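What follows is a set of notes on a single structure, which appears directly below.
The values are calculated or read from the model by the stated rules, or taken from the named source; none is laboratory data. Just so you know, these numbers come straight off a predicted model, no measurement behind them. Glycine gets a Cβ as well: all are built from the backbone with ideal geometry, and neighbour counts include every protein chain shown.
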Amino acid sequence: MQEFISETVKISRSSEFVFTLLSDMSMLSKAVSSAQIKEIEDFQSDADSCSFRVKGVEAGIQIIDREPYKTIKYTGYKNIPFDFFVWIQLKEIAPDDTRMRIVLRAKLNFMMKTMFSGKIKNGLNQVASQLAASLNVR
């Protein structure tokens, strides 16, 4: 499996606050709509999973593990063409100072790795930044 790690972003909230929001997929609809990601359509979610369409292809993500205030582990389901796991890692540095990074481990064939590694890394950084921005709003 290939590993991609986002930049670490600062969130001016407690790790408990961030964890509570990100570990409940039903809360993501607000973050997705505020991030204004044009490629995502028909976003639907409940506490443990979400589904959406990207360029006409239906996909889904579900939470498979939670470690309170530290990590949330996700994986794909539905029409995802490769196996992957995503961890959101949180570390509270001080009150209202949580650092977050996103780790993606994906089983990519050589062609996909060659073509998409840079885009995946940039995408992870963009998601981390947009999540941080939406969570920093008070």
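Residue-wise test of (1) of a type in the set (Asp, Glu); (2) closer than 22 Å to ILE120 by Cα.
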{"site": "THR8", "(1), (2)": "no, yes"}
{"site": "VAL18", "(1), (2)": "no, no"}
{"site": "SER23", "(1), (2)": "no, no"}
{"site": "GLN44", "(1), (2)": "no, no"}
{"site": "PRO68", "(1), (2)": "no, no"}
{"site": "LYS73", "(1), (2)": "no, yes"}
{"site": "VAL86", "(1), (2)": "no, yes"}
{"site": "GLU92", "(1), (2)": "yes, no"}
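So, GLY56, is that one surrounded by fewer than 15 Cβ atoms within 10 Å (Cβ to Cβ) and at positive phi or not?
Values: surrounded by fewer than 15 Cβ atoms within 10 Å (Cβ to Cβ): yes; at positive phi: yes.
So GLY56 passes the test.
Conditions (1) farther than 24 Å from PHE43 by Cβ; (2) over 11 Å from the mean Cα position of the chain (by Cα); (3) not aliphatic (A, V, I, L, M), marked per residue:
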position	(1), (2), (3)
TYR74	no, no, yes
PRO81	no, yes, yes
LEU104	no, no, no
LEU124	no, no, no
SER129	no, no, yes
ALA133	no, yes, no
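Give the number of residues within segment 81-138 that are within 21 Å of THR8 (Cβ to Cβ), part of a loop (DSSP other than H, G, I, E, B) and touching a Lys or Arg at 6+ places or on another chain (Cβ under 7 Å). It would help to see each step written out before you state the result.
Step one: list which residues in segment 81-138 are within 21 Å of THR8 (Cβ to Cβ), which gives 84-106, 117-137.
From what's left, part of a loop (DSSP other than H, G, I, E, B): 95-96, 137.
Restricting the remaining residues to those that are touching a Lys or Arg at 6+ places or on another chain (Cβ under 7 Å) gives 96.
Counting residues in segment 81-138 that are within 21 Å of THR8 (Cβ to Cβ), part of a loop (DSSP other than H, G, I, E, B) and touching a Lys or Arg at 6+ places or on another chain (Cβ under 7 Å) gives 1.
The rows are residues; the columns are (1) over 15 Å from ILE88 (Cβ atoms); (2) at pLDDT 90 or above; (3) surrounded by fewer than 16 Cβ atoms within 10 Å (Cβ to Cβ).
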{"site": "GLU3", "(1), (2), (3)": "no, yes, yes"}
{"site": "VAL9", "(1), (2), (3)": "no, yes, no"}
{"site": "SER12", "(1), (2), (3)": "yes, yes, yes"}
{"site": "VAL18", "(1), (2), (3)": "no, yes, no"}
{"site": "LEU22", "(1), (2), (3)": "no, yes, no"}
{"site": "MET27", "(1), (2), (3)": "no, no, yes"}
{"site": "LYS30", "(1), (2), (3)": "yes, no, yes"}
{"site": "SER33", "(1), (2), (3)": "yes, no, yes"}
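Tell me which residues, restricted to segment 92-112, are surrounded by 13 or more Cβ atoms within 10 Å (Cβ to Cβ), in contact (Cβ under 8 Å) with a residue 60 or more places away in the chain and not acidic (Asp, Glu).
Of everything in segment 92-112, those that are surrounded by 13 or more Cβ atoms within 10 Å (Cβ to Cβ), in contact (Cβ under 8 Å) with a residue 60 or more places away in the chain and not acidic (Asp, Glu) turn out to be THR98, ARG99, MET100, ARG101, ILE102, VAL103, LEU104, ARG105, ALA106, LEU108.
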